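See below for the structure under consideration.
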Amino acid sequence: MPRRPPGSGAMSVWLRPAPTSRQPEPAFSRDEITRVAIELADRGGLAAVSMRRIAARIGSAPTSLYWYFSDKDELYELMVDAVIGQVPLPQRPSGDWRADLAAIAWAARTTLSSHPWFPQLGIHPVAGPQTLRFGAIALRSFEGLGLDQETEVNILAAVNNYIYGFVQREVAWQRFASRAEPAAAPAREDLSAEHLAARTKLHGDESFAFGLECLLDGFAVRVARAGGNGESAYGTDNSGDEESPP
């Protein structure tokens with residue numbers, strides 16, 4: 001049974017207690033192990049990420065890796081957070097919330113798309129330090145708009161969900177194209193040839209831009225509703241009937 005660090009029973013690697021000064025100094029850093037795991041995944045997918053392969057790359061015994069994380073799920077948490085840390089982010093808001101969100105979304109899509117395995121892991125409920133940094137910087141785009149904090153978080157979540165979903169579709173199309181010859185979609189009575197043809201274009205820059213613009217247009221309505229007065233963008237209409245969240 002490999003020796004495990006204190007707090008190994010935590011539900012997330014980020015919920016473990018900080019190491020004490022009396023604990024032995026690890027031979028390798030968690031960041032180094034994470035970097036190697038990402039390199040393996042980039043080359044061979046998640047199936048290529050194994051304790052044996054990681055240990056061989058860093059010159060350690062496979063069982064020693066369990067000092068850094070309890071299982072592969074925790075390793076995946078580290079990998080996801082590290083990749084999010086690669087997204088280039090603006091140093092400060094430009095004052096144009098729409099342009100800032102769009103720039104962050106495009107940068108995130110580019111970074112995540114360079115790691116085809118990433119969409120398989122999704123968004124973990126417990127955020128790591130790089131994920132928290134990403135969120136904090138993105139949320140600064142809303143400064144001065146009068147939005148309540150819940151609305152800000154929901155807008156950012158909608159953007160993140162769109163990016164993750166689009167990258168997942170994009171990776172699937174790339175994987176399909178790599179093993180199949182282009183062919184016309186079979187005809188259907190309930191879908192026109194134009195609809196079917198359009199569906200084959202849902203994985204490029206033009207499609208990403210269209211969906212992002214639609215999201216930003218919807219957010220603009222909520223920003224206008226807040227009107228800089230600090231009211232919730234969910235709000236209520238003049239008839240007193242509460243609007244359902246999107």
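Before moving on, here are some points about what is shown:
- Contact annotation: residue pairs with Cβ atoms under 7 Å, 6 or more positions apart or on different chains, pairing a residue in the range 108-131 that is on the phi < 0 side of the Ramachandran plot and in contact (Cβ under 8 Å) with a residue 12 or more places away in the chain with a partner that is aliphatic (A, V, I, L, M) and in a loop (DSSP other than H, G, I, E, B), are A108/V87; T111/V87.
- Complete set of residues in the range 107-158 that are of a type in the set (A, V, I, L, M, F, W, C), more than 19 Å from A220 (Cα to Cα) and surrounded by fewer than 18 Cβ atoms within 10 Å (Cβ to Cβ): A107, L121, I123, V126, L132, A136, I137
- In the range 64-77, residue farthest from the chain's Cα centre (by Cα) [restricted to those that are over 13 Å from F28 (Cβ atoms) and not acidic (D, E)]: S70
- Checking every residue in the range 95-106 against the condition of being surrounded by fewer than 17 Cβ atoms within 10 Å (Cβ to Cβ), over 21 Å from the mean Cα position of the chain (by Cα) and under 30 Å from A224 (Cβ atoms) gives at least one match.
- Among the conditions (1) closer than 26 Å to D31 by Cβ; (2) not assigned by TED's automatic domain parsing to the domain that holds E206, the only one that R92 does not satisfy is (1).
- Flag for L121 being assigned by TED's automatic domain parsing to the domain that holds R222 and closer than 23 Å to R30 by Cα: yes
A quick yes/no check of all residues on (1) out of contact with any strand residue (DSSP E or B) (no Cβ under 7 Å at 6 or more places or on another chain); (2) assigned by TED's automatic domain parsing to the domain that holds L78; (3) at pLDDT 60 or above:
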| position | (1), (2), (3) |
| --- | --- |
| R3 | yes, no, no |
| P19 | yes, yes, no |
| S29 | yes, yes, yes |
| T34 | yes, yes, yes |
| S50 | yes, yes, yes |
| I58 | yes, yes, yes |
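- Tabulated pairs, the range 165-179, first farther than 14 Å from A108 by Cβ, second of a type outside the set (K, R) and modelled with pLDDT of 70 or more, C-beta under 6 angstrom, 6+ apart or interchain: V171/P116; V171/P119
- Residue list for the range 107-123, filter: closer than 19 Å to E39 by Cβ, of a type outside the set (S, T, Y) and within 11 Å of the chain's Cα centre (by Cα): L112, F118, P119, Q120, L121
- Scanning the range 108-158 for residues that are over 27 Å from W173 (Cα atoms) and among the basic types (K, R) yields a total of 2.
The values are calculated or read from the model by the stated rules, or taken from the named source; none is laboratory data. Owing to the predicted nature of the structure, the values given are computational and were not obtained by experimental measurement. Quick reminder, even Gly has a Cβ in these numbers, built from the backbone with ideal geometry, and neighbours come from all protein chains shown.
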